[in-house]
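This report refers to the structure that appears directly beneath it.
Since every read-out is calculated from the coordinates, none of them should be taken as a lab result. Predicted model, so just to flag it, every value in this text is computed and none were measured. With ideal geometry, Cβ positions are generated from the backbone for all residues, glycine too; neighbour counts draw on all protein chains shown.
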Amino acid sequence: MRPKISLIVPHWPLETVHDDMLRNCVKSIPADEKIIIVNDGTGMGKAINKGFELATGDYFLVSNNDCVWLGGDILAMCDPDAITLPDRLAAQVDNRPRCFYCMPRWIYEKVGGYDEQFKVGYFEDDDMLRRWENAGIPFRPVNVQVFHEPGSTLNIMPNRNAIFDENKKKYLAKWHELPQ
């Protein structure tokens, strides 16, 4: 039986260019169910959590609004035992799931969603990565290609440094060290 994939895309419409990025992203990714969450400054994690709550798929495919699917088999992203990420992702920070990944529903049910204490966009993914790793969840690259335009939202925010500093303090208070 073919697994059902729910696409979850957090979106913060700061400028019309972001709406265009969202349209390109959603059109490019073949999924059974598409859920776009408008994030009006409440945080990427909170927006993705809302998507997790609304999704009905067996797998959650999470994509930043500035990602575009370039190729590969979407079903290859469906691994019942791991979180998968593209093996070719332009501008990827590291080889861990951040801006584009797929996970089976059971991982969300086991580990939960993003910690909503983090505002807008910094350290939310680092915290989630640490929680997945602590739970022993493996990450696996698959043969798919995705283009990502990093920082398209955060880089235009006038108070991004203050948000970064605030979230860094929260991360340090929680984990007592910075992410590696």
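Couple of notes before you dig in:
- Dipole magnitude (debye, nearest 20) for the stretch 5-175, charges at Cβ of Lys, Arg, Asp, Glu: 320
- In this structure, LEU172 and VAL38 have a Cβ-Cβ separation that, at R0 = 25 Å, corresponds to a calculated FRET efficiency of about 0.25.
- Computed on the Cα atoms alone, the convex hull of the chain gives a volume of 105 cubic angstrom per residue.
- Every Cα-Cα pair in the stretch 60-139 was counted, and those over 14 Å apart are 63% of them.
- Whichever lysines have a C-alpha closer than 29 Å to that of LYS170, once near sequence neighbours (fewer than 8 apart) are set aside: LYS46, LYS50, LYS110, LYS119
- Estimated distance in nm for a label pair at LYS110 and MET1, the labels positioned 7 Å out from Cα along Cα-to-Cβ: 2.1
- In straight-distance terms, cross-link reach from LYS4 covers every one of the aspartates and glutamates whose alpha-carbon lies under 15 Å from its own, apart from those fewer than eight places away in the same chain; here that gives ASP32, GLU33, ASP58, ASP73, ASP79.
- Ordering VAL26, TRP175, ASN64 by the projection of their Cα atoms onto the charge dipole of the chain, which places +1 on the Cβ of Lys and Arg and -1 on the Cβ of Asp and Glu, puts TRP175 at the extreme positive end.
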